[in-house]
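Chemist: Could you have a look at this structure, given as structure tokens, before my questions?
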Amino acid sequence: MREERTVEDGFKLLEERIQRAAERLKELTGETKALRAEASRANERAERAERELGSLKERAGSSAAEAEKAEALAAEVKTLRAEREELRARVEKLAGLLERL
């Protein structure tokens, strides 16, 4: 009788652990999806800023204001690239966690 209780308790604990793992997997999947969408938006912003920077560089000789805007865009591109890399690292980390589950 005692062994049956121990086996029953063991199955109950296993069931609870599996349920927690499934819930965590669901959470991580949602986070991964959100991070990928955020990374995609950051990529789009970076590409737009790079195109605008290229366009401004072509017209760079026309005024000091344009040169300042080009510098600001260059800084924004650098920031967006860093943000993209940070997001990529977070997505990779979450993907690794998902693989281990």
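Chemist: If you only keep lysine pairs separated by 8 or more in sequence, or across chains, how many in segment 2-100 come under 28 Å at the Cα atoms?
Modeler: Taking segment 2-100 as the scope, the lysine pair count is 8.
Chemist: Out of these labelled values of Cα Rg over 2.2 N^0.38 Å, [x] 1.70; [y] 1.95; [z] 1.29, which was calculated from the coordinates shown here?
Modeler: It is the one labelled [y].
Chemist: Also: Using a Förster distance of 35 Å, how high is the FRET efficiency between T29 and E71, based on the Cβ-Cβ distance and rounded to 0.05?
Modeler: Rounded to the nearest 0.05, the efficiency is 0.30.
Chemist: Let me ask another. Kindly state, to the nearest 0.05, the FRET efficiency for R45 paired with E99, given R0 = 35 Å and r defined as their beta-carbon distance.
Modeler: 0.75
Chemist: Now for a separate question. Relative to the longest principal Cα axis of the chain, at what angle does helix 2-58 sit, 0 to 90 degrees, rounded to 10?
Modeler: Between helix and principal axis, roughly 10 degrees.
Chemist: Still on this structure: If the elastic network links every pair of Cα atoms under 10 Å, which of R45, R17, R81 fluctuates the most in the Gaussian network model of the chain?
Modeler: Of the options given, R17 has the highest mean-square fluctuation.
Chemist: Want the number for E8 to E52: 0.36 nm per residue separation, take away the alpha-carbon distance, what's left?
Modeler: Computed gain between E8 and E52 is 9.3 nm.
Just so you know, all these numbers are worked out from the coordinates, no wet-lab data involved. Nothing here was measured: the structure is a model prediction, and the numbers come from that model. With ideal geometry, Cβ positions are generated from the backbone for all residues, glycine too; neighbour counts draw on all protein chains shown.
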